[in-house]
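This is the structure I want to talk about, given as structure tokens.
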Amino acid sequence: MGQYPGRPFYNDSQTVLASGSRTAAPTIADFLLESAQGVHVILDVTDVGEAPAAPSIILTISSVDANDVVSTLLAGAAVTTVSTNVYRIFPLATAVANAVARDLLGKKLRFAVAHNNTDPIVYSIGLNIAGT
């Protein structure tokens, strides 16, 4: 039971982008949300190659409204190393630059990954959804 009596609380996990080696920005379908209150987006980088390779990616998470107007919710910092990066978006969160956004979620989320060059980098994106 969630914080609102009579309304069930749910959690859901989805794969936004399966793990793979990429050299350019992938095309990612928009994600529809039902009654989501907050999300954790997990960018998991598992291989950046060996020197002199120097890949770098930046994940941007946006909301898309009913008129297809896109607004950025959170833009991460450049990721250049093997790491797991969790980005959080909740209405009551304490904002932290490039990591946590205090914002409302729309019904549709859009993900974009910018690559700084064509050096290969292996990563995946997961989505954990909390809602009522």
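Hey, can you tell me all the residues within region 78-97 that are under 16 Å from SER124 (Cβ atoms) and at pLDDT below 95?
none
Considering every residue within region 106-113, establish whether at least one is in a strand (DSSP E or B) and either among the charged types (D, E, K, R) or free of Cβ contacts under 8 Å to residues at least 24 places away in the same chain (or both).
Checking region 106-113: at least one residue is in a strand (DSSP E or B) and either among the charged types (D, E, K, R) or free of Cβ contacts under 8 Å to residues at least 24 places away in the same chain (or both).
Right, next: Can you tell me which residue in region 4-20 is modelled with the lowest pLDDT, limited to those that are surrounded by fewer than 12 Cβ atoms within 10 Å (Cβ to Cβ), of a type in the set (Ser, Thr, Tyr) and in a strand (DSSP E or B)?
Checked region 4-20; the qualifying residue modelled with the lowest pLDDT is SER13.
Among the candidates ALA77, ALA25, ALA93, ALA53, single out the residue that is within 21 Å of GLY131 (Cβ to Cβ) and assigned to a loop (DSSP other than H, G, I, E, B).
Exactly one residue qualifies, and that residue is ALA93.
Would you confirm, using the coordinates I've provided, whether ILE89 is out of contact with any Cys (no Cβ under 7 Å at 6 or more places or on another chain), closer than 20 Å to ALA25 by Cα and surrounded by 15 or more Cβ atoms within 10 Å (Cβ to Cβ)?
Spelling it out, it is not the case that ILE89 is out of contact with any Cys (no Cβ under 7 Å at 6 or more places or on another chain), closer than 20 Å to ALA25 by Cα and surrounded by 15 or more Cβ atoms within 10 Å (Cβ to Cβ).
May I pose another question? Return the residues of region 80-89 that are part of a loop (DSSP other than H, G, I, E, B) and either more than 22 Å from GLY20 (Cα to Cα) or not aliphatic (A, V, I, L, M) (or both); say none if nothing qualifies.
Answer for region 80-89, where residues must be part of a loop (DSSP other than H, G, I, E, B) and either more than 22 Å from GLY20 (Cα to Cα) or not aliphatic (A, V, I, L, M) (or both): THR80, THR81.
Of the conditions (1) modelled with pLDDT of 95 or more; (2) out of contact with any Leu (no Cβ under 6 Å at 6 or more places or on another chain); (3) within 19 Å of ALA130 (Cβ to Cβ), ILE61 fails just one. Which one is it?
(2)
Also: I'd like to know if region 61-68 contains one or more residues that are of a type in the set (Asp, Glu), part of a loop (DSSP other than H, G, I, E, B) and without any contact (Cβ under 8 Å) to a residue 40 or more places away in the chain.
yes
Taking the condition out of contact with any Ser or Thr (no Cβ under 9 Å at 6 or more places or on another chain), farther than 29 Å from PRO52 by Cα and small (Gly, Ala, Ser), does ALA97 pass?
Considered against the rule, which asks whether it is out of contact with any Ser or Thr (no Cβ under 9 Å at 6 or more places or on another chain), farther than 29 Å from PRO52 by Cα and small (Gly, Ala, Ser), ALA97 comes out as yes.
The values are calculated or read from the model by the stated rules, or taken from the named source; none is laboratory data. The shown structure was predicted, so the numbers you read here are calculated from the model rather than taken from an experiment. All Cβ positions, even for glycine, are placed from backbone atoms using ideal geometry, and neighbour counts span all protein chains on display.
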